[in-house]
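Q: Quick one: the structure is below, and I'll ask about it shortly.
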Amino acid sequence: AEDFAYVENLYSSIFVLSASADLNIKTIADLEAYVAAGNEISVAVNGATSSEAFLAAALFGKMGAGDKLKLTPYQSAAEAAQAVAKGETQFAVSHQSQILETYQQGGVTIPCAFDEKALEHGPFAGVEGVGEKGYPYFRNRCFIMARAGTDEATVAALKELYGKILADEEVAAWLQDTMLLEVDPMSQEDVDAHVENVKNIVNEYKDIVAG
């Protein structure tokens with residue numbers, strides 16, 4: 001990141017946890033009870049060391065799943081999202097858009113989202129945020145960067161341009177309702193805090209992810 005200057009966060013994506021519908025896990029409390037009962041827990045994730053893998057490790061690790069937890073990596077996010085519907089795993093961590101169709105067809109429940117509070121937009125509005133219950137989380141971010149050494153006035157102009165785009169209500173509505181993404185402008189301080197939080201989660205749960 002030293003080679004680049006931060007401009008803006010184009011959007012954030014909030015990951016969700018899906019559970020096989022036959023488990024009837026609809027809330028974080030249901031999930032905690034399932035883990036406390038000592039059940040085997042298999043979670044589909046996109047890639048062995050992905051964001052999704054760390055979010056799953058942090059949530060179930062903090063719930064005390066211990067060696068009952070098995071992360072099952074898939075080659076793509078779409079495959080991971082489909083794994084639950086196919087009965088290959090009990091849970092999956094995915095972007096909202098990737099699990100929407102399976103959810104609409106009744107194949108999964110969505111007990112929680114990896115954010116500080118309940119989701120506010122789109123078809124998953126009202127789904128509980130893990131942060132409300134004291135569990136770790138981070139959002140998936142899309143940072144616009146300029147090359148390091150870029151003239152400050154140019155960076156400022158870019159910030160202003162992206163700021164205007166993101167302030168457009170039509171753009172915001174399209175991102176939130178169609179793409180199931182969040183309009184989430186961030187300062188440099190916000191970015192630093194995000195990076196620090198992700199680092200802490202990686203350090204704390206890397207042994208679970210490494211298996």
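The values are calculated or read from the model by the stated rules, or taken from the named source; none is laboratory data. These figures come from a predicted structure and were not determined experimentally. All Cβ positions, glycine included, derive from the backbone under ideal geometry; neighbour counts span all protein chains shown. Calculation scope for accessible area: heavy atoms of the full protein, side chains included, ligands and nucleic acids excluded. Shrake-Rupley method; radii C 1.70, N 1.55, O 1.52, S 1.80 Å.
Q: For segment 26-46, give me the residue count where each residue is assigned to a strand (DSSP E or B) and acidic (Asp, Glu).
A: Initially, segment 26-46 is screened for residues assigned to a strand (DSSP E or B), giving 41-46.
Pick out the ones that are also acidic (Asp, Glu) and you get none.
Number satisfying all stated conditions: 0.
Q: Quick one: in segment 118-148, of everything that is at pLDDT below 95 and small (Gly, Ala, Ser), which residue is least open to solvent (accessible area, probe 1.4 Å)?
A: The selected residue is Gly122.
Q: Another question, then. When segment 11-25 is examined, which residues are found to be in a loop (DSSP other than H, G, I, E, B) and open to solvent by 50 Å² or more (accessible area, probe 1.4 Å)? Reasoning before the result, please.
A: Narrowing segment 11-25 to residues in a loop (DSSP other than H, G, I, E, B): 14, 24-25.
Asn24, the sole residue that qualifies.
Q: Can you name the number of the only condition in (1) at pLDDT 95 or above; (2) open to solvent by 80 Å² or more (accessible area, probe 1.4 Å); (3) among the acidic types (Asp, Glu) that Asp115 fails?
A: Answer for Asp115: the failing condition is (2).
Q: Does Ala80 fit the bill of being over 18 Å from Lys206 (Cβ atoms) and either surrounded by 19 or more Cβ atoms within 10 Å (Cβ to Cβ) or out of contact with any strand residue (DSSP E or B) (no Cβ under 9 Å at 6 or more places or on another chain) (or both)?
A: Judged against the criteria, Ala80 is a match.
Q: Would you confirm whether or not segment 87-96 contains a residue that is crowded, with 20+ Cβ neighbours inside 10 Å and over 22 Å from Ile201 (Cα atoms)? Working first, answer last.
A: The first filter runs over segment 87-96 and keeps only residues crowded, with 20+ Cβ neighbours inside 10 Å, leaving 89-96.
When the remaining residues are screened for being over 22 Å from Ile201 (Cα atoms), the result is 89-90.
Yes - at least one qualifying residue is present in segment 87-96.
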